[in-house]
Amino acid sequence: MTKGHRRTTANRIRTAVFAGLLLSQSVVVAAFQSQAPPLPSLCQNIHHHHPSFTSQTRLDAKKKTAGGGGGFGSSGGFGGANKKKSSSKAVVLDPSKVRSVSGYTGSGTKVLATAANNFDRIRKLFGKTATTDVYVRSPLNDETVFWFVGKVVRMITDEEAKADLNSNWRPDATTENELVGTVYPTEVEAIVSQKRLILEYAKNQLRPQNMAGPYSSALELWSAPGDSEMDTVQNKIKLVKVDGSTKDLRDGFHVKDVGYNPEIYIGDEKEKGGLRVVRDLEGMPVKPEFDIGS
């Protein structure tokens with residue numbers, strides 16, 4: 001099988017899986033209700049890991065018209081309406097700065113599709129140079145395990161792009177390269193502006209038994225260089241905790257200048273979990289570096 005054929009096949013798998021995930025009628029939070037025991041820590045097995053950054057798929061988010069919606073929009077699911085009585089006034093987030101799940105049925109589907117489409121567009125322009133890998137730590141479940149949950153991408157300057165020989169930047173793409181905001185996003189802004197979306201997706205669609213319910217209040221986001229999964233697994237990369245809140249976003253920042261490509265579990269990963277690594281409380285590897293296959 002040729003390299004090109006493998007890539008085409010992988011893209012088709014991701015398209016089919018993502019489409020099925022978006023339109024699923026099941027409520028994934030039920031996985032948490034089953035009280036499945038936490039999985040053992042894993043830092044070496046990546047044989048089933050599905051690289052999420054290869055697709056240029058454009059997703060069409062469609063509202064469910066029957067049965068009250070399903071999948072990400074199901075009650076209790078991703079973007080579902082968890083109605084709680086509260087006397088406090090709801091905080092309204094600026095949609096130009098924050099990519100969030102608003103609570104009405106189907107909101108998770110639309111926002112995730114928008115984030116993924118943005119990722120594809122910006123990734124095509126700048127490639128690995130503008131990409132950051134994202135991990136979630138669930139300390140109330142296991143403080144040493146960091147789960148890979150996808151990638152974010154951001155608009156970068158022409159100077160940043162040209163400085164990296166691996167960048168997809170091309171000088172004739174001036175229109176596509178134009179910012180929506182007035183400042184170029186930082187790595188932290190690319191993650192913080194999508195924090196709610198990333199965490200909601202991770203705890204409801206990837207590992208509810210490790211992140212949802214009693215574990216959800218302490219979830220943390222950590223980052224690694226773009227496309228560094230292999231080096232991270234081989235204990236060659238330190239993970240960096242992402243601190244900050246949406247209040248720290250600069251005035252000229254716009255969320256359309258960043259994107260998020262969620263990790264998607266396929267095959268055995270749906271039950272056993274996907275890529276995760278073991279680190280100490282500072283994000284440092286707890287075991288020596290190694291090379292797979294050596």
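Just so you know, all these numbers are worked out from the coordinates, no wet-lab data involved. Nothing here was measured: the structure is a model prediction, and the numbers come from that model. Positions of Cβ are backbone-derived with ideal geometry, glycine not excepted, and every protein chain shown enters the neighbour counts.
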- Using eta = 0.692 mPa s and T = 37 °C, Stokes-Einstein with Kirkwood Rh from Cα pairs puts D for region 115-160, in µm² s⁻¹, at 272 µm²/s
- Task: Please report the relative contact order for region 110-183, taking Cα pairs under 8 Å with a sequence separation of at least 6, and give it as a percent rounded to a whole number.
- Result: 33 percent
- How long is the gain from Lys241 to Arg170 if the chain were fully straight, where each residue apart is worth 0.36 nm and the alpha carbon distance is subtracted? 22.3 nm
- Query: Rounded, prolate or oblate: which one fits region 207-260, using the alpha carbon gyration tensor with axes a ≥ b ≥ c (rounded when a/c is under 1.5, else prolate when a/b beats b/c, else oblate)?
  - Reply: oblate
- Message: Need the list of aspartates and glutamates near Lys272 for cross-linking: C-alpha distance under 20 angstrom, and skip anything on the same chain fewer than eight residues off.
- Response: Asp142, Glu143, Glu200, Glu229, Glu263
- Message: Quick check: residue separation of Glu178 and Val286 times 0.36 nm, minus the Cα distance between them. What number comes out in nm?
- Response: 34.6 nm
- Relative to the present Cα-Cα distance, how much length would full extension add between Glu159 and Glu269 at 0.36 nm per residue of separation? 35.7 nm
- Taking a ≥ b ≥ c as the square roots of the eigenvalues of the Cα gyration tensor, with a/c under 1.5 meaning rounded and otherwise prolate when a/b exceeds b/c and oblate if not, region 245-286 is oblate
- Query: Just the Cα atoms of region 176-294, one point each, no solvent: what log10 I(q)/I(0) does Debye give at q = 0.10, 0.18 Å⁻¹?
  - Reply: -0.39, -1.13
- With only Lys, Arg, Asp and Glu charged, each at its Cβ (+1 for the first two, -1 for the last two), find how big the charge dipole of region 162-260 is about the Cα centre; round to the nearest 20 debye. 380 debye
- With a/c under 1.5 counting as rounded, go ahead and sort region 126-186 into rounded, prolate or oblate using the C-alpha gyration tensor (a ≥ b ≥ c being the square roots of the eigenvalues; past the cut-off, prolate if a/b is larger than b/c, else oblate). prolate
- Query: Can you flag which of Lys128/Lys203; Lys124/Lys287; Lys97/Lys236; Lys256/Lys287 are past 32 Å Cα-Cα?
  - Reply: Lys124/Lys287; Lys97/Lys236; Lys256/Lys287
